[in-house]
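The values are calculated or read from the model by the stated rules, or taken from the named source; none is laboratory data. No experiment lies behind these values; they were computed from the predicted model shown. Every residue, glycine among them, receives a Cβ derived from its backbone with ideal geometry; neighbour counts consider all protein chains shown.
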Amino acid sequence: MDSRQRTLAAVRPHGRTGVELGPLDRPLVRRGDGDILYADHLSTEGLARKYAGHAAAGPQARGALVEVDLVLETQTLRQALGARGPVDYIVASHVIEHLPDVIGWLKDCAEALREDGLLFLAVPDMRFTFDRGRTLTTTGDLVGAHLAGATRPSAAQVYEHFAKAMQVDAEAVWAGRETRFPLFAGHGPEAGLEHARRVHETDGMIDVHCSVFTPDSFTAVLGEIIALGLVPFAFRELTPTPFGEIEFFALLCKCEGATPAERAASTPLPDRRAPRPARPGWRSRLARVGRLGDPR
């Protein structure tokens, strides 16, 4: 199944009301599938301006974007829904890794869902993306960001992105052809430090991946957060990254009536089949920058 088929099989939208977060020009649930509302941090017009000429982001023109129903720039999803909530399900594809406060976001999603409502996540597996060289996100990282009330990527997260983003060949990783993938042009430790300093000194905002996960690390971290009683979700299903693909899928169920221990009991066991991430050291990255004259 492709991502859309997996989504439809998980949330079964026909006859139900749901929200898809950040669909841009590639919604997984379409208008004809059921009663679906599209939500994003900006209006359709605002997104068109933001992504104009942005080749990596995908949508290039106003007409390519779905019409945003719920603008979340200054309000939570529950507030934006108003009388239309709570909803039966929420879909978020490649959203959670961008969030400065994952725990706070999960709480917001829970408030917008009815009891037994579903949250379906498609999450990039860092082993097969430009995040491959980064350090896995820990429970402590997410707890610290939540307690600090984080609203933008930290200087540390900005550093990690610009210092380590690499041009990963996912097919080569799956085939076991391990290699030292080159960094993107303009990236490397010095670039990471420059961007980190800039956001620290100006309180600026750069959209990077705040969190990086594998299926194992995601279930371990989220399972611990669930066991701590920080979010009212339980795992319904975890689909490890299918062979040849770059993302895994998690289906969570809101169950406020259960205890944290009862919710945590459904956390999946680790899956050890897929390749593990490389751990290139900072010395090798600096050496490559100095030897080649660019981050590759």
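Out of 183, 222, I need the residue that is more than 21 Å from the chain's Cα centre (by Cα), modelled with pLDDT of 95 or more and among the hydrophobic types (A, V, I, L, M, F, W, C). Which one?
When all the criteria are applied, what remains is 183.
Within the stretch 125-136, the residues that satisfy the criterion of being surrounded by fewer than 22 Cβ atoms within 10 Å (Cβ to Cβ) and under 23 Å from residue 41 (Cβ atoms) are 129, 130. Filtered by the rule that a residue be crowded, with 20+ Cβ neighbours inside 10 Å and under 22 Å from residue 189 (Cβ atoms), the stretch 137-154 gives 137, 153. Being aromatic (Phe, Trp, Tyr) and under 21 Å from the mean Cα position of the chain (by Cα) is a condition met by at least one residue of the stretch 144-162. For the stretch 1-111, please list each of the helices (runs of 4 or more DSSP H) lying entirely inside it that holds at least 2 residues being buried (at least 20 other Cβ atoms within 10 Å of the Cβ) and aromatic (Phe, Trp, Tyr). By residue number, no helices (runs of 4 or more DSSP H) qualify. Is at least one residue of the stretch 150-168 closer than 30 Å to residue 74 by Cα, touching a Cys at 6+ places or on another chain (Cβ under 6 Å), free of Cβ contacts under 8 Å to residues at least 60 places away in the same chain and assigned to a helix (DSSP H, G or I)? The answer is yes; a qualifying residue exists.
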